[in-house]
Every structure is written in structure tokens, then in C-alpha cells.
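**Student:** Structure in C-alpha cells, see below.
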Amino acid sequence: MNLTPAMRQYVEIKEKYKDCILFFRMGDFYEMFFEDAVTASKAMEITLTSRNKGKEDSIPLCGIPYHAAPSYITKLIEKGFKVAVCEQVEDPKKAKGIVKREVVRVVTPGLVVDADNLQSKENNFLAGFSARDGAFGLAFVDISTGEFRVAESVDREFFLNEIAGLDFKEIVVREELKGNNLLRAFSGCVANYFPSDYFGHDAAVAILGEYFPEDVLNRVDVEGRPAMAEAAGAVLRYVTETQKDRLVHINDIKWYDTAGYLMLDDIARRNLELFTTIADNTKAGSLFNVLDETTTAMGGRRLRWWFNYPLIDTEKIKERLAAVSEIKEGHLLREDLCKALSGVYDLERLGSRISMKVANGRDLIALMTSLKALPGIRKLILGADSHFISSIYEGLDEMRDVAGLIEKSIVSDPPPAIRDGGIIREGYDGELDELISITRDGKGWIAALEEKERRRTGINSLKVGYNNIFGYYIEVTKTNTDLVPDDYIRKQTLVNAERYINQELKGYEYTVLNAEDKRKEREYDLFVRIRDDVAKEIRRIQKTASLLADLDAIVSLAEVAERYNYCCPRVDDEDIIEIKDGKHPVVERMSLTDGFVPNDTFLDCEKSRFLIITGPNMAGKSTYIRQVALIVLMAQMGGFVPASEARIGIVDRIFTRVGATDSLARGQSTFMVEMTEVANILKNATGKSLILLDEVGRGTSTFDGLSIAWAVAEYIHDSNHIGARSLFATHYHHLTDMALTGEGIKNFNVAVKEWGDRIIFLRKIVEGGTNRSYGIQVARLAGV
């Protein structure tokens, strides 16, 4: 096939990015050709056409306007594609031959920076994973915020369970691990497999040295943790290669250590419906959806992190609780803070976009607007009693210098494109002001010339016009051509008119058009310089963003506490969990006909260690045991809880065995899934854990199921084995006999009222066992 120079250029660039859809810039469009056009047109739901249509050398083609690219990239990313963005990197007017084009960045599911393509209150993590000498190394980065975390462990199962809730969008991994069961924790994300040398230790240490100073690398012990170093090096190498530059906003490493947090594995997160519901996997109806009242995107991400990783340090928890209490009690303060924070944009992602040189004028204005809200926010929290809030006050940098630079240089409503002019404020640059004056005065000069030529020639219908082909011209109707003076030069003949130029018009055209081009060029240069100056302050922006995220998360917890009348829990290192009038924070918010019935709970590691809860289906057993776990979680993340009183003895982990479904993809039955989850609890729970068990053993025969349930209950209850505080909901009424011999085992049941052959659920947990399941009555209620 005979290809044009542009098509040859396309093919050469595409060869380097075979695994990407190539967005090839052609003027005001991104165009795709050949197989990319066929694939992308279907994925983006746009028309497939062809270049040289109808000819032997026709080429499949589809295209989109350049300004609409973000929304189309979103569609491709959501469907698992990668997009290589190829720009014109020289001015077409100055190009000799074909315009020079280069891929300026690759967008993948884990490397998204455009706000339109991101979930505002969720991180977008790219992970690297490496296994070496019995150790498992992990590194993950969110380039949209600059967060970079690393970890290493020698406990395979523990490690995989720990990271299951991080929801990675993409992973970089060794080729030889393809298909390995190790990667199950990364299921659902896009995988990139690279040869072993991509993870080479020396290369990893070298690239880490380019990104971070020596003290940061020593802090995470890069030399002593080779598996972690290799994972981190591979991630940064992938980021640098795809983004075509070292990203300076990735400037710190945080060690991902779960030792300081209440740990929840993926099973517990799912069963407790922290972020999505079990039934339909939607956010509506989840705990986070009910309790998230954050105003800013970064505050939402911080609160989400607190949900994922509640604390176990009582002093830190008390600091957060004191802060929440102060904001809750200050009704006007809380209202004013919400209003002030509503004027703050996503500083983390704005800072990253500025640092990556993809920010436009509107991004800078959003940054300036946010910074201008800071003095008001600091004034509101001046003199705060809580250490947590006073630390935020002390640390907040108002960055008046950065806000001032943007305010004096960028127009208040800049256009989205940065090369089309109209972005720099008049008065900021003298040279630019002169060029603006020339282009602005041009219209008046043209009007004056038109009037002058009409008088000189006597042609009243004469007009001066402009088009992109000929530039400025003088148009005269054919009935007046005999009046045309000798200094007019014919340029174009129309049906009813002739178009001319003269020396005066041509000379001014050169001045005006040249000034317009120079103006755009000058504005672009100034904007880049301003953006680079702001980018130098990225660490200040990141620090302020983090503090505002903390403040927003605290205000959100305070707002929820006040709105729903939650109480401040007493948190200590004892083993007692005591809850008065506890409620399920999500179910309570539902439109229940009879309202939500609160219940008490008392657990310790001695006389009330293991509570067996019996009662009919639909009576509320599962809701009750879940609400206990959620109240503990909310307290340890530093929030108020849905109860009239609560005392929470620190829990190190929450385990759940609640409900079961077949895992057909893994070839596992309901019972196998259930037993796998139980085995995980038996292996990893400690005496400081909280365990929820719901209907253990029901997936097999009654005799086998009862035997397993009894054995599991004995093992968990026995302080020589686990001795953890536990709630066990069951229909195996024989288990209530355990309370006769097991010290620390107590029976409770969900009270019901019989009305003839019908029952009424009272939803109240009362002490004592029951030997009835009311299955016939429940079936009748269900319409059987």
C-alpha cells in the first residue's frame, strides 16, 4: 500500500505502542486508523469511516474533536484499553514537510489524571508486585494525587489478605507470575507483564534514587527489603516511561504498615457493606454512602481511608473524637466550615496536574479560588481546644504568594485551551499588552479603511472581509467593477462580485495577523512559565491539601453525629464492649414501618466472651451482629456511634462469616467458600479480635453442619486457642447447650410474639436460648 507521509508517520509511531489505541492529532481532531479505528469506533460508539473512501488504498478511520478527548478516553479506559496520546509538537506553520508528532503520555486505568475520568472520592492506584527470596514486595502509586506507598511481608496469606481492599486499577508484575495464585488479590485490574530484568534490583535502586532523597530511601530500608525495592522500581519505571518524564509531585514514600490499624480483610469489608452492598454491588445503601458528608473530594478520600483503616492507638482515637466533639458542639462553626470548604477544589489533583504540566488556565483559577478560602478557614479554627484541629491551624499554609501570582496573571474565566490566547490578564506583561492592542484595534482600522475606500472610489456597497484562504480582501459587486482604481489587485472572482487587495490592506494584514500569532505564542509562553512557577510549590500544595482533607473528614463525622444523634464512645485498651441502645447505622436510615428497635450488647473476654444468638429468619439476628461490628469500627476510626452510650475495648481485627454464595469462577461451592472463610478466621484471629459468625455449617448435612459449628464455636471460645469476643447467630438450637458447660458462653435470642398461628417480630435481643425457628410462620409471611 502506498502511504502518505502522514500515514507513514502514524504507522511508525503505532509500532512503538502496539498495546494502545493511538490518538493521532490531526489539526483539531484526534484520528485513529486501521485496526485501531475499527476497535475504537465500537468502544467509543462513533462512526467508522475511511480515508480515500471507495479506492483500493482506503484506510479505516474514525476521529473525535480534540476538546472532547477526555470523555472518549474515559470510555476506552473503563473498557480496559490503553490510550497513547500523540500530539503535534511543532507549529504546523513552521514545519518543513510533515509536522513532527510524538506520544506525550499514555493513559491507562492506573494512570489517569483528568478529573472527568476519575472517581472524585476514590484513589486510583497503580500497583507493582514482586516476590523474591520468600518475601512479597508491593508498591502502589496514585499519580493523580502523588501518593506513593510501599510494603513487604514474608507471610503470604496475611499479605494477600491485607492488600485485598486497596482496589488497584492496574498492576505491573513479572512475566513468570502469570497465572500464579499469588495474583488473586489483584483480580479485576489490568495486568502488565514484564520480563525479570524490568524488576532488576540495581535498576530499581537507581530509579528510586532519581525520585527520592537518600534519607527517604533509608527510612523505608530499600537495601534491606529487595522485594519491595523491585516492586517500587518497576512501578516508577512504568510511570516514567508512559508519562515521558519524571513526575516531581511523587516526592515521598509512605510505608504501608497495617500493624497500627484495625484490620479488615476483603470478606469483612464486603459482608459489612462498608463501600458497596452485597445484593447489587452499589454504593447506595453502604455505610460510607450513609456517613459521608465530606464537602471536598480529598476529604472524601481521607474519610474513605479512615473507614478502611480504623485505629488501634487509643490516644490517636481520642484525639479524633475530641476534634469531632468540638465541631459537633459548635453548631455555627460547623455550618461555617462546611460553607468555607465548599469553596475548595481538589487541591491534591490540581497540584498533580500542574506538576505534570497538563493543567490549563481553569485549573490555575481553581487553585487560586481554593487558596483564597484558606484565610477564612484558618480564622474559623483559630483557638481550637482540640490538639487535632489546632495542629491543622498551625500547619495550614495560606500560600498568598501563589494565589497572588495567579490572580494578577490569569484572566478570571480562561478558555479551556492554552494555545488559543485569551488566557493572560492585561497589565501583566508589557509586550503582550502591545500585541493585544494591535489585534484589538484591527477591527476599528478595517472599518475605517472600508469607509475611506467607499469615499475614494464612490462604491457605496464596497466592503472589506476576511477568510482563512485569502486573508483580508476588498469585495466589489460586478456592476461597480468599472469604478475600481488601478492600485487594486484582483484575487478572486465570484458569481456576483470580484475580490481585490491593495498594498495598504496587505501591509496591515501582515501586521494584524502576525500580531495575533505572536500574541498567542507569547500568552502560551507566559502561561507555561507561570504554571512552572506554581509547580515549584507542589510540596506546599500537598501539605495544605492533606490538612484540609483531615479537617473535612472531621467536619463530616461531626455533621453525621449531630444529624443522627450519635454518642461519643469511650475507647480504652480493656476487653469490654458495652453498647446501650445500639443501632445499625444504615438500616436505621431506611424507611421502616415500625422504626428501628435499638439493642444492648455486652462482651468481654471472661463471662460474656461468646454470645450465641438464636431466633427465626427475618427477625434481625444478622442486622444485630453486624451493627455491633460497625459500631466498633466507627468508634475506632474516631467517629461517634449510633447508641445512647458505648464503651469500646480496642479490637485488632474484625472477622465475618456472614452469608455465602457459590464461587463458580474458582470452582467452589457455597459450603467450600464458607469453610475457607472459617479457616481464615481460625488461623488469623487473636484474643483481641471481634468475630461475627452467621449460620456456620448450614451448607452441608444437618449432622455434619452441627458438628462443624460446635467445634468451631469451642475453638474460638477457648482462651487457650483464640478466646476472642464473638457473636454467633445460628439455627442449630443444640448449640445453646454449650452455655451449660462453657464459661463465657451466653445465650440470647430475638424475641417474637405469637398471635394465633402467626408471629410478630419484636426485634429485641433478650437473654436465653430458643428451640423454635418458626419456619412455617416465616414461610407464610413470605407468601408461601
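**Student:** Among the numbered criteria (1) aromatic (Phe, Trp, Tyr); (2) closer than 21 Å to residue 544 by Cβ; (3) at pLDDT below 95, which single criterion is violated by residue 309?
**Tutor:** For residue 309, the failing item is (2).
**Student:** State the number of residues belonging to region 222-243 that are part of a loop (DSSP other than H, G, I, E, B) and loosely packed, with under 13 Cβ neighbours inside 10 Å.
**Tutor:** Step one: filter region 222-243 for residues part of a loop (DSSP other than H, G, I, E, B), giving 222-225.
When the remaining residues are screened for being loosely packed, with under 13 Cβ neighbours inside 10 Å, the result is 223-224.
Matching residues across region 222-243 total 2.
**Student:** Which of the numbered conditions does residue 80 fail, given that it passes all the others? Conditions: (1) in a loop (DSSP other than H, G, I, E, B); (2) open to solvent by less than 50 Å² (accessible area, probe 1.4 Å); (3) without any contact (Cβ under 8 Å) to a residue 40 or more places away in the chain.
**Tutor:** The number of the failed condition is (3).
**Student:** Additional query: Select from region 1-37 the residues that are assigned to a helix (DSSP H, G or I) and surrounded by 15 or more Cβ atoms within 10 Å (Cβ to Cβ) and list them in ascending order.
**Tutor:** 6, 7, 9, 10, 13, 14, 34, 36, 37
**Student:** Which one of these is farther than 18 Å from residue 445 by Cβ and aromatic (Phe, Trp, Tyr): 524, 466?
**Tutor:** Working: 466 fails: farther than 18 Å from residue 445 by Cβ.
524 is the lone residue from the list that is farther than 18 Å from residue 445 by Cβ and aromatic (Phe, Trp, Tyr).
**Student:** I would also like to ask the following. Determine the pairs where a residue that is among the aliphatic types (A, V, I, L, M), located within region 241-262, has a partner that is open to solvent by 80 Å² or more (accessible area, probe 1.4 Å) with Cβ atoms under 8 Å apart, the partner being 6 or more residues away or on another chain.
**Tutor:** 253/219
**Student:** Filter region 732-746 for residues that are outside any helix (DSSP H, G or I) and surrounded by fewer than 19 Cβ atoms within 10 Å (Cβ to Cβ); which is modelled with the lowest pLDDT? Can you show your working first?
**Tutor:** First, the residues of region 732-746 that are outside any helix (DSSP H, G or I): 732, 742-746.
Add one more test, that the residue is surrounded by fewer than 19 Cβ atoms within 10 Å (Cβ to Cβ), and what stays is 742-743.
Details: 742: 85, 743: 89.
By that ranking, first place goes to 742.
**Student:** Ok, one more. So which of 726, 707, 719 is assigned to a helix (DSSP H, G or I) and surrounded by 13 or more Cβ atoms within 10 Å (Cβ to Cβ)? Outline the logic, then answer.
**Tutor:** Numbers: 726 fails: assigned to a helix (DSSP H, G or I); 719 fails: assigned to a helix (DSSP H, G or I).
Matching residue, one of 726, 707, 719: 707.
**Student:** Now, a different point. May I ask you to list pairs of residues, at least six apart or on different chains, whose Cβ atoms are under 6 Å apart, with the first in region 661-684 being on the phi < 0 side of the Ramachandran plot and modelled with pLDDT of 80 or more and the second being among the charged types (D, E, K, R) and surrounded by 12 or more Cβ atoms within 10 Å (Cβ to Cβ)?
**Tutor:** Listed by first residue and then by second, the contacts come to 677/657; 678/657.
**Student:** Something else now. State the number of residues belonging to region 172-188 that are over 18 Å from residue 267 (Cα atoms) and either touching a residue at least 24 places away in the same chain (Cβ under 8 Å) or open to solvent by less than 20 Å² (accessible area, probe 1.4 Å) (or both). It would help to see each step written out before you state the result.
**Tutor:** Pass one, region 172-188, residues over 18 Å from residue 267 (Cα atoms): 172-180.
With either touching a residue at least 24 places away in the same chain (Cβ under 8 Å) or open to solvent by less than 20 Å² (accessible area, probe 1.4 Å) (or both) added as a condition, the list becomes 172-174, 177.
Looking only at that region, the number is 4.
**Student:** Still on this model: Would you please name the residue that is farthest from residue 530 (Cα to Cα), looking only at residues in region 385-421 that are at pLDDT 95 or above and small (Gly, Ala, Ser)?
**Tutor:** It comes out as 386.
**Student:** Then there is this: Determine the pairs where a residue that is farther than 11 Å from residue 403 by Cβ, located within region 357-369, has a partner that is open to solvent by 20 Å² or more (accessible area, probe 1.4 Å) and modelled with pLDDT under 95 with Cβ atoms under 6 Å apart, the partner being 6 or more residues away or on another chain.
**Tutor:** These pairs meet every condition: 360/416; 360/418.
**Student:** State which residue is surrounded by the most Cβ atoms within 10 Å (Cβ to Cβ) when the search covers only region 47-77 and only residues that are modelled with pLDDT under 90 and over 28 Å from residue 109 (Cβ atoms).
**Tutor:** Step by step, filter region 47-77, then rank; the result is 51.
**Student:** Say we look at region 98-134 and pick out the residues that are open to solvent by 30 Å² or more (accessible area, probe 1.4 Å), among the small types (Gly, Ala, Ser) and in a loop (DSSP other than H, G, I, E, B); which of these is nearest to residue 12 (Cα to Cα)?
**Tutor:** Taking the candidates together, the pick is 120.
**Student:** Turning to a different aspect of this structure: Identify all residues within region 434-482 that are surrounded by fewer than 16 Cβ atoms within 10 Å (Cβ to Cβ), of a type in the set (A, V, I, L, M, F, W, C) and in a helix (DSSP H, G or I); write none if there are none.
**Tutor:** 445, 447, 448
**Student:** With respect to residue 487, is the statement that it is under 32 Å from the mean Cα position of the chain (by Cα) and open to solvent by 10 Å² or more (accessible area, probe 1.4 Å) true? Please lay out each step first, then the result.
**Tutor:** Numbers: under 32 Å from the mean Cα position of the chain (by Cα): no; open to solvent by 10 Å² or more (accessible area, probe 1.4 Å): yes.
When the stated conditions are applied, residue 487 does not pass them.
**Student:** Name every residue in region 364-383 that is of a type in the set (S, T, N, Q) and either touching a Ser or Thr at 6+ places or on another chain (Cβ under 6 Å) or open to solvent by less than 50 Å² (accessible area, probe 1.4 Å) (or both), in order of residue number. First the steps, then the outcome.
**Tutor:** Within region 364-383, the subset of a type in the set (S, T, N, Q) is 369-370.
Within region 364-383, just 370 meets the criteria.
**Student:** In addition: State whether the residues of region 397-412 include one that is over 20 Å from residue 345 (Cβ atoms), open to solvent by less than 70 Å² (accessible area, probe 1.4 Å) and not charged (D, E, K, R).
**Tutor:** No: region 397-412 contains no residue that is over 20 Å from residue 345 (Cβ atoms), open to solvent by less than 70 Å² (accessible area, probe 1.4 Å) and not charged (D, E, K, R).
**Student:** Still on this structure, I have one more. Within region 289-330, can you find the residues that are open to solvent by less than 20 Å² (accessible area, probe 1.4 Å), among the aromatic types (Phe, Trp, Tyr) and closer than 26 Å to residue 590 by Cα?
**Tutor:** 306, 307
**Student:** List the helices (runs of 4 or more DSSP H) that sit entirely inside region 341-390 and contain at least 3 residues that are more than 30 Å from residue 246 (Cβ to Cβ).
**Tutor:** Numbers: elements: 347-355, 361-372, 374-381.
Fully inside region 341-390 and qualifying: 374-381.
**Student:** Looking only at strands (runs of 3 or more DSSP E) that fall completely inside region 545-603, which ones have 3 or more residues that are open to solvent by 40 Å² or more (accessible area, probe 1.4 Å)?
**Tutor:** Working: elements: 570-572, 577-582, 599-603.
Hits in region 545-603: 577-582.
The values are calculated or read from the model by the stated rules, or taken from the named source; none is laboratory data. Predicted, not measured: the structure shown is a model, and the values here were computed from it. FYI the Cβ positions are ideal-geometry reconstructions off the backbone, even for glycines, and counts take in every protein chain you see. What goes into the accessible areas is simple: the full protein's heavy atoms, side chains included, and nothing from ligands, DNA or RNA. Shrake-Rupley method; radii C 1.70, N 1.55, O 1.52, S 1.80 Å.
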